[in-house]
Structures are given as structure tokens and as C-alpha cells.
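The next block holds one structure in the form of C-alpha cells; read it before the comments.
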Amino acid sequence: MTKKLLSLLLVLALVLAMGSAALADYYSNLFPVTKTESSNFSGKTVILHSNDVHGAIAGYAYMPALRDMILSQGASDVLLVDAGDFTQGDIYVSVNKGKAAIDMMNAAGYDVVTLGNHEFDFGYDQLMENLADANFQVICCNVYLDETGETILPPSTIIETSTGMKIGFVGVETPQTATKVNPALITNISFASFSKFYDAVQNAVDAIREECDLVIGLTHLGVNAEAAINGYRSVDLLNTVDGIDFAIDAHSHTVMTSAKYGLPVQSTGTKFAYVGVLVIDNATGLIEDHFLLSTASLTKDETVAAEAQGIIDAVDEEYSTPFATAEAFLDGARETNRTRETNLGDLVADAMAWKVLKEGGLENTEPSQVVAITNGGGIRANIEAGDVSMESINSVLPFGNTVAVIYVTGAEMLEALEASTFSTPEQVGGFPQTSGIEWTVDCSKPFDKGDVYIQNGKDTSYYAPASIQRVTITAINGQPFDPEATYAVVTNNFIAAGGDTYNVFNRAYEAGTGFDTGIPMDQAVTEYITEALGGVISAEQYGQPRGSLTIILPEATEEAAEKPAA
């Protein structure tokens, strides 16, 4: 059978399974539209965009090279913009608290950027210190200083091109940032939520709409289920706010052109897998084309590439010496750690519990009542089989979180697990990776949405469960679970402060039933590997998830449910 015939049969099978409209969306997102280097951009203004770079600093060299190529093909102006999450996610930017990202964006020649939730990971003060060195404009319309009520940055900006066209940009941050970042680091700022979120964006658009030929939203919102629960997706915004001609989106790491939703939105995925392109006709002032370019076929600017390599080499020299060996691949993927148990999640949670038990100070709590919970969204990279270095561990845990302990009842633990799996099997950043807990999530049952969680007197993006519908805890360290017993939960300071969906933990922590050990998570994991595991992460112990969690999918029955595969 020929390859051509096989391809035709595959397409036929997809049509039958998905329908023609779904198939069009499928191919639009799997193989986004690309253009060749032979394009003619005469009489055009071009916007090149990136998003969710997450420390992949070598990719910045694509942007000026592509800009110069498009200018050489006749474009009057080329603007470089970014939709956020540039200062966190990889060791090359985490070790310097995001400053290297600013340096690289300066070198690449960016014009306008907005903020992602990870820009706040090192706190508001550190963010503003970093941005003081930016040679580009930074805009955000929906984050406010509590003291003054003013936005922390200009809500928008207008760039006038060489041909006199005026392009407005409005920066939009996800309201989820309020609980995506350690709340203790952002106590002096607020994120507009619910109707106030839409009002903030609409007001920012209205303020510049009449002056502009086009208004572009730099929207760090995404399109995932976690954002959908409150209508915080970019597509929700476009269906609610008037006056945005196109949204350059971020946050959910989606490779997306407008075909998926039938709306003017585009996103490049993450870490420079693609560069986004908007082509504007100077004569009409209209967007006449937009597409994604795979960076696999792009060249790099040599000067910018050299600057990135200098940063990479310096970090590698300090952090790349192996200290252990992994006998199996450890799964740190976003889509797995936010949806099910993983072997890397097991390792991190085990390490946290081990470190606290080793250090002591658990107020007479029996070891059998000590468990660990960490958020899957805090695990950011794989560990490949072979040598393990501090660079490996820092890539997995780049946020600088410390290990904390809280004391909660079994009932409170149930609430935390129920709240943190509200969208399972769809991704949620707070998805629990655990140690010492045998539990089940029954996704065939709905999440019983109760009141909005309140954090520091402000609405969050998450809801308390009105009842426990989906989660069952069957055992704690092999012993029967008791909802009235008190358990010591070893976690990270982000969760202890109410990060993600863990408002119930913050209530306990604020009541004084817990403490921050001050031990960095990467240190706890490193010591666990070297001391408890003897420097070898064995395939026998961590080659697969241990099977502590059972997930019942919506179409499955309880009898047919299987524990997730690796």
C-alpha cells in the first residue's frame, strides 16, 4: 500500500470520526498555516509575536532575524510583541529572577509586551525592578495598586508607524494570577475579576479606540478549561468586549490560529516552537493575513544568539555537574502533571515528606499521619534517564519555593483535593501530586461549585466545593482515613499561602497551624536523592507512577476504572 493511499485512508477515517468541520479545526491547529521566505511584504506593516517563552532565551534570536528579512522584502514597519510569561520556567531566567529575559528582549528589539502570571513569581517588587531595565513598553490594564487604585502599568499604548497608521495595544493579564502566584508576594496589588475584569478591558479599549486604525489585544488568558469556568479565556473576552480587532494570546500554551474558534485570535504555543505573524495592509489599515511560522526553518540573528549563549554557558558551568543517576525517564510534562499522577510528582512529594520527617518538629504528629501534597503546575520539566545535575532539578522546580507544613483535618484535606481536581480530566495547575495518600477522583460526577474562595479579602478565580462529590480518600500511609483526624500536610509555601486552589490550606496556615521550614524545594529533592536513594533514582521505585491515585473517567464505570498509565 502506498504512502499516498495510506494518507487518504487516514483522512477518510478522521472525517468519519470527527466530521468535516472538526477535521478542519484539527488540521488547522496540528499543522498551522506557514509561509515561505519568498513572500512580498511591500506596502505592509507586520507584527511578529511570541508568548510563553518561559526562559527559552536562545529563541529570541529568531525575532530580529525574521524582522530584518521581512523588512528586506518590502515591509514598511515590523513590530515585535510578546503576550507574557517570559521571566520564569527555565533555569536560565529563574536563577537571576527573570532579569536575563529582560536583557534578551532588549537585545532582540521588542516594542510592546504584556505581563503573564509568571512575571509575578518573584513578587511585585522584583517585577518592577526588572521592568525598570526594559527598553520596550510594558502594558497591563487590569492589575491595580491597592493603595492608589491605579493600574501598576499603562493599560495600553499606541504606536504610529512610518506610514502614519496608528496601532493600539491593550495588555490583559489573567485574573487567575491572584492565586497562580504566592499570595504573600503580591499583597499590595489586586487583579480585576468577574465583571470588573471585563470592565477594565473595555475601558482600556474605549480609551484608545477612536484614535487607532487597529486595536490589538495582548491577552495572557489562554483557552483551557481552568480559565473557562469563570469566562476568563481569550475567546470569552472577544465575545464580550467590543473594539478588539485581534487577540495575540498566551497562557494555555496553545498552538492556535483563528480557525479553531472562528474568532480573531492566535497563539504560538510555548518556548518559540512558532513565531506568530500579522500582516496589515497600509492602504486599508486592515489585517489581511495572519499565520504561524515554525522556527525549525528560521535563521537566528548572530549577535542576539551569542548573547543568549553567554548566559546559557555561565549557568551551565555552575549547575551542570552530575550528582546522581536516573534509571528511568521522569515525567515532568505539563499535560500529565496537571491531570494525573506521575513518577516525577511521586519523587518530589516523597522528597518533601522525607525531608520534614528527617528534620523533625512536627508537634508530636505520628509519621503515619504525615502526607505531602504539591501542585502539578509547579513541576516544569522532565528528568531524562542518565545523569542528574542541579540544573535538572532547578528546571523541574524553578520557582524558589520552600517546604512548608500545615495541620488540617481529614475533612479539610478532602476539600483541598476536591477543589484542586474540579476540572479533571482537563488540566488544572493545582492538580495534587501526593505522597502517603491513596485516593480516587471520579470524573463521572460533576464538581459541586460552591462560593468563590476569598483570599486576602479579594475574590479568587476558584470555588469551594459545596459538597464532596468526586474525591474519595481510601487510606493514609496504609491506615484507614479519618475525616476527623488531624494530619500534617507537607507542601510548598505557595500552596500554604493559598496558591492555586488551596484556599483551605491557607485558612489553616493563617490560623497558626503550620510553619514554613525555609528549606528550598530543590534542596529537599537533592538531599532525598543523594541520602535516601543513595544517588540513584531507581527504575524499580520510580520507573512508573506508584498508583496512589485512581481516576474514573466520565465514560467509565467504577468497576471498569483503571489507574492511569505513565
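The values are calculated or read from the model by the stated rules, or taken from the named source; none is laboratory data. The shown structure was predicted, so the numbers you read here are calculated from the model rather than taken from an experiment. Virtual Cβ from ideal backbone geometry, glycine too; neighbours counted across all protein chains shown.
Across the stretch 139-151, the number of residues qualifying as farther than 19 Å from Ser234 by Cβ, among the hydrophobic types (A, V, I, L, M, F, W, C) and crowded, with 20+ Cβ neighbours inside 10 Å comes to 0. From the list Asn401, Asn382, the lone residue that is within 30 Å of Glu317 (Cβ to Cβ), surrounded by fewer than 22 Cβ atoms within 10 Å (Cβ to Cβ), in the same structural domain as Ala466 (by TED's automatic domain parsing) and in contact with a helix residue (DSSP H, G or I) (Cβ under 8 Å, 6 or more places away or on another chain) is Asn382. Is one or more of the residues making up the stretch 492-507 assigned by TED's automatic domain parsing to the domain that holds Gly436 and over 24 Å from Thr402 (Cβ atoms)? So far as the stretch 492-507 goes, no, none of its residues is assigned by TED's automatic domain parsing to the domain that holds Gly436 and over 24 Å from Thr402 (Cβ atoms).
Tell me whether the stretch 470-490 contains one or more residues that are surrounded by 15 or more Cβ atoms within 10 Å (Cβ to Cβ), closer than 25 Å to Pro554 by Cβ, at pLDDT below 95 and not aliphatic (A, V, I, L, M). Within the stretch 470-490, not a single residue is surrounded by 15 or more Cβ atoms within 10 Å (Cβ to Cβ), closer than 25 Å to Pro554 by Cβ, at pLDDT below 95 and not aliphatic (A, V, I, L, M).
Consider the stretch 53-103 and keep the residues that are buried (at least 24 other Cβ atoms within 10 Å of the Cβ) and of a type in the set (S, T, N, Q). The one that is nearest to the chain's Cα centre (by Cα) is Gln88. Leu293 meets the conditions (1) farther than 29 Å from Tyr60 by Cβ; (2) touching a Phe, Trp or Tyr at 6+ places or on another chain (Cβ under 7 Å); (3) part of a strand (DSSP E or B); (4) among the aliphatic types (A, V, I, L, M) in every case but one. The failed one is (1).
From the list Thr365, Thr336, which one is closer than 30 Å to Glu438 by Cβ, in contact (Cβ under 8 Å) with a residue 60 or more places away in the chain and outside the structural domain of Gly168 (by TED's automatic domain parsing)? Result: Thr365 is the single residue among Thr365, Thr336 that is closer than 30 Å to Glu438 by Cβ, in contact (Cβ under 8 Å) with a residue 60 or more places away in the chain and outside the structural domain of Gly168 (by TED's automatic domain parsing).
Is at least one residue of the stretch 500-511 modelled with pLDDT of 90 or more and aromatic (Phe, Trp, Tyr)? Looking through the stretch 500-511, at least one residue is modelled with pLDDT of 90 or more and aromatic (Phe, Trp, Tyr). Among the conditions (1) within 30 Å of Thr284 (Cβ to Cβ); (2) touching a strand residue (DSSP E or B) at 6+ places or on another chain (Cβ under 6 Å), the only one that Gly116 does not satisfy is (1). Restricting attention to the stretch 169-200, the residues that are in contact with a Ser or Thr (Cβ under 6 Å, 6 or more places away or on another chain) and either buried (at least 24 other Cβ atoms within 10 Å of the Cβ) or modelled with pLDDT under 95 (or both) total 9.
Looking across the stretch 409-423, just one residue is crowded, with 24+ Cβ neighbours inside 10 Å and of a type in the set (Val, Ile, Thr), and that is Thr421. One residue stands out in the stretch 180-215 among those that are polar (S, T, N, Q) and under 22 Å from Gly378 (Cα atoms): the one that is nearest to the chain's Cα centre (by Cα), namely Asn182.
Can you go through Gly518, Gly498 and tell me which one is of a type outside the set (D, E, K, R), at positive phi, within 28 Å of the chain's Cα centre (by Cα) and surrounded by 22 or more Cβ atoms within 10 Å (Cβ to Cβ)? Gly498 is the lone residue from the list that is of a type outside the set (D, E, K, R), at positive phi, within 28 Å of the chain's Cα centre (by Cα) and surrounded by 22 or more Cβ atoms within 10 Å (Cβ to Cβ).
For the stretch 496-525, taking the residues that are part of a helix (DSSP H, G or I) and in contact with a Pro (Cβ under 9 Å, 6 or more places away or on another chain), the one that is nearest to Gly410 (Cα to Cα) is identified as Asn506. For the stretch 365-379, the criterion of being charged (D, E, K, R), farther than 30 Å from Pro264 by Cα and surrounded by fewer than 23 Cβ atoms within 10 Å (Cβ to Cβ) is satisfied by at least one residue.
Consider the stretch 105-137. How many of its residues are at negative phi and either part of a loop (DSSP other than H, G, I, E, B) or aliphatic (A, V, I, L, M) (or both)?
Of the residues in that region, 19 qualify.
May I ask you to verify whether Phe291 is surrounded by fewer than 19 Cβ atoms within 10 Å (Cβ to Cβ) and closer than 27 Å to Gly534 by Cβ? Against the criterion (surrounded by fewer than 19 Cβ atoms within 10 Å (Cβ to Cβ) and closer than 27 Å to Gly534 by Cβ), Phe291 does not qualify. Residues in the stretch 259-269 that are surrounded by fewer than 22 Cβ atoms within 10 Å (Cβ to Cβ) and either touching a residue at least 40 places away in the same chain (Cβ under 8 Å) or out of contact with any helix residue (DSSP H, G or I) (no Cβ under 6 Å at 6 or more places or on another chain) (or both): 4 in all. Against the conditions (1) among the β-branched types (Val, Ile, Thr); (2) buried (at least 22 other Cβ atoms within 10 Å of the Cβ); (3) out of contact with any strand residue (DSSP E or B) (no Cβ under 7 Å at 6 or more places or on another chain), Thr339 satisfies every one except (2). If you check Ala308, Ala326, Ala349 for being within 19 Å of Ala101 (Cα to Cα), surrounded by 19 or more Cβ atoms within 10 Å (Cβ to Cβ) and hydrophobic (A, V, I, L, M, F, W, C), only one passes: Ala308. Among the residues making up the stretch 224-237, those that are touching a residue at least 24 places away in the same chain (Cβ under 8 Å) and either crowded, with 22+ Cβ neighbours inside 10 Å or basic (Lys, Arg) (or both) are Glu226, Ala227, Tyr232, Ser234, Val235, Leu237. Restricting to the stretch 104-131, and then to whatever is surrounded by fewer than 20 Cβ atoms within 10 Å (Cβ to Cβ) and in contact with a helix residue (DSSP H, G or I) (Cβ under 9 Å, 6 or more places away or on another chain), can you tell me which residue is nearest to Ile47 (Cα to Cα)? The extreme case among them is Gly109.
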